[in-house]
Every structure is written in C-alpha cells, then in structure tokens.
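Asks: My questions will all concern the structure given below.
Just so it is clear, none of the values below were taken in a lab; they were calculated from the coordinates. Fair warning: this is a prediction, and the values are worked out from it, not measured in the lab. In this analysis, Cβ positions are derived from the backbone assuming ideal geometry, glycine residues included, and neighbour counts consider all displayed protein chains.
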Amino acid sequence: MNAAHVAIEPSILYFGTPVVLLSTENEDGTANLAPMSSAWALGQVVVLGLGAEGQTAHNLRSRPDVVINLPAPHQWAAVERLAPLTGRHPVPAGKPDGCRFEPDKFGAAGLRAEPSHTVRPPRAAECPIQLEARAERVRPGVSGGFVIAEAVVTKVHADPRVVVPGTDHVDPAAWSPLIYNFRHYFGLGPELGHSYRSRTPRRVAAG
Ligand SMILES: Cc1cc2nc3c(=O)[nH]c(=O)nc-3n(C[C@H](O)[C@H](O)[C@H](O)COP(=O)(O)O)c2cc1C
C-alpha cells in the first residue's frame, strides 16, 4: 500500500547517477582529474554538467580533449579523496568551505596516469572503463552556474575482465558503475532483468 506522498524541498537532486573522473589538460600541460556525476550518454556523445568556475570547465573551454574515466564501486574512497580538491588557483569564491587547491590530483587520489591514444590528457589506469573524448560544444547552462559540455567519444578502453570475451560488449554482470546517490556511494544490486535490445541477455531468477 502506498502512503500519500509528501512535498519536500531537498537541497540537492542527486538521485543516483554514475560517478566519472574527468581528466583534462591544464594551461601548463599538467593533468587535472575531477569527480563528477552529471554525465550521461546519447549514442557516442557524453553530456557533462559542470560547475562553471571549476578547473575542469575552464580547461574544456580552451582545451576540449577529455578522458571520461569510470571507476568501480570499490574505488569510492579514491573518488572521495578528490572531492574537496580543485585544480583552480586561487580557489574560486563559490567553492564549498574546505575546498583547497591541489595541482597533483592523480597523486592525491592515489591513481596512476596512463597515456591516452587519441587525446592529450592521460587516462586513470585503475579505472576499468575509460572513454577518450573531445568536448565539441561547451555552453552555459540555464542557471548561469553551470556549463553543459557535449563530448564526442573517440576511443573506448576496457579492462578485459568486464568485456564479454571475443566481443565488443561490456558484460553487465561483470561491470558495475559507482553510483552517487544523494551524496552517498553505492554499487549495483543484483540484476533484475534486461532490455529487449540487450546483446548480452542472461537468465535471471524471476523475482
Ligand atoms: C561524487 C561526486 C560527484 C560530483 N559531481 C559533480 C558534477 O556532476 N558536476 C560538477 O561540476 N561537480 C561535481 N562534483 C564536484 C567537483 O568534483 C568539485 O567541484 C571539484 O572541486 C572540481 O574540481 P576542478 O575544479 O579541479 O574541476 C562532484 C564531486 C563528487 C565527489
């Protein structure tokens, strides 16, 4: 039986989206690495929602190459080590209290930078899936505080353990995104079923 809904005014609307780590190139040629969760794919394009004042948005406006690194659930602590850091100096006034400048984000996260094939910023080696891309369009969001970037994927790298052997398919039973759910980290629960368009169907227990 459903209880009547209540009207609420939550401070955030982060209703559970995958975390990605964006590698971009700073002015001096070093790499920035920033966690974000406002990312989704439309075909070969990944749409990214970014705070306008951050170093990542700043980099993409001038240097559109980007790597969209997808961490696994067990890597949440590395993601959280990056959370209070910005690659922007001085730290923009609009950043939350406690946010500090860090020029070596890979080192701070404990992740290894690995060269990309089609773009300048490096990949995060430990992330099981890495999408090299180019932000072909970066424009202001409707509220002014955000930018929307549309990044065209140029190359996909995957850990063989999350690929169906002998195919180009990611195995949904082997791969789980890291989900940011109202500022808490989760992995996926057990599979419930699959789309009629799945190329990797499996029999799952009816529930
Ligand atoms: C799990 C997680 C998800 C985040 N999602 C976003 C996001 O979708 N967009 C965004 O602009 N910032 C997001 N942030 C905040 C940025 O990581 C933060 O502002 C960081 O300082 C940006 O770094 P930069 O200034 O070096 O680009 C998220 C942070 C965490 C930890």
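Asks: When 1/r is averaged over all different Cα pairs and the result inverted, which Kirkwood radius in Å belongs to the stretch 83-179? Present the calculation step by step, with values, prior to reporting the outcome.
Replies: Numbers: mean 1/r = 0.0614 Å⁻¹.
Computed over the stretch 83-179, the radius equals 16.3 Å.
Asks: Please get the size of the charge dipole for the chain, origin at its Cα centre, with Cβ charges of +1 on Lys and Arg and -1 on Asp and Glu, quoted in debye to the nearest 20.
Replies: Working: 20 positive and 19 negative charges, 67 e Å.
Using Cβ point charges on Lys, Arg, Asp and Glu, the chain gives about 320 debye.
Asks: Report the Rg/Rh value for the chain, based on alpha-carbon coordinates and the Kirkwood definition of Rh. Don't skip to the answer; put the middle values down first.
Replies: Numbers: Rg = 18.0 Å, Rh = 18.2 Å.
That ratio is 0.99, to two decimals.
Asks: Now, a different point. Could you tally the net charge around Leu70, taking each other residue with its Cβ under 15 Å from the Cβ of Leu70, Lys/Arg +1 and Asp/Glu -1?
Replies: Working: positive: Arg123, Lys155, Arg161; negative: Glu114, Glu126, Glu132, Asp159, Asp171.
Combined, the nearby Lys, Arg, Asp and Glu give -2.
Asks: For the stretch 1-59, which GluC sites (Glu not before Pro) are both in a DSSP coil and crowded by at most 11 other Cβ atoms within 10 Å?
Replies: Working: sites: Glu25, Glu27, Glu53; in loops: Glu27, Glu53.
Hits after loop and neighbour filter: Glu27.
Asks: Lys and Arg at +1, Asp and Glu at -1: add these up for the other residues within a Cβ distance under 9 Å of Pro172 and post the number.
Replies: Working: positive: Arg202; negative: Asp171, Glu191.
Cβ neighbours under 9 Å give a net charge of -1.
Asks: Which net charge results when you count Lys and Arg as +1 and Asp and Glu as -1 among the other residues whose beta-carbon is under 14 Å from that of Ala158? Provide the component values of the computation, followed by the final result.
Replies: Working: positive: Arg123, Lys155, Arg161; negative: Glu114, Glu126, Glu132, Asp159, Asp168, Asp171.
Cβ neighbours under 14 Å give a net charge of -3.
Asks: Taking chymotrypsin sites (Phe, Trp or Tyr not before Pro) as candidate sites, keep only those in a DSSP loop with at most 16 other Cβ atoms within 10 Å, then name the longest stretch of the chain containing none of them. Walk me through the numbers on the way to the answer.
Replies: Working: sites that count: Tyr14, Phe182, Tyr196.
By the stated rule (loop sites, at most 16 other Cβ atoms within 10 Å), 15-181.
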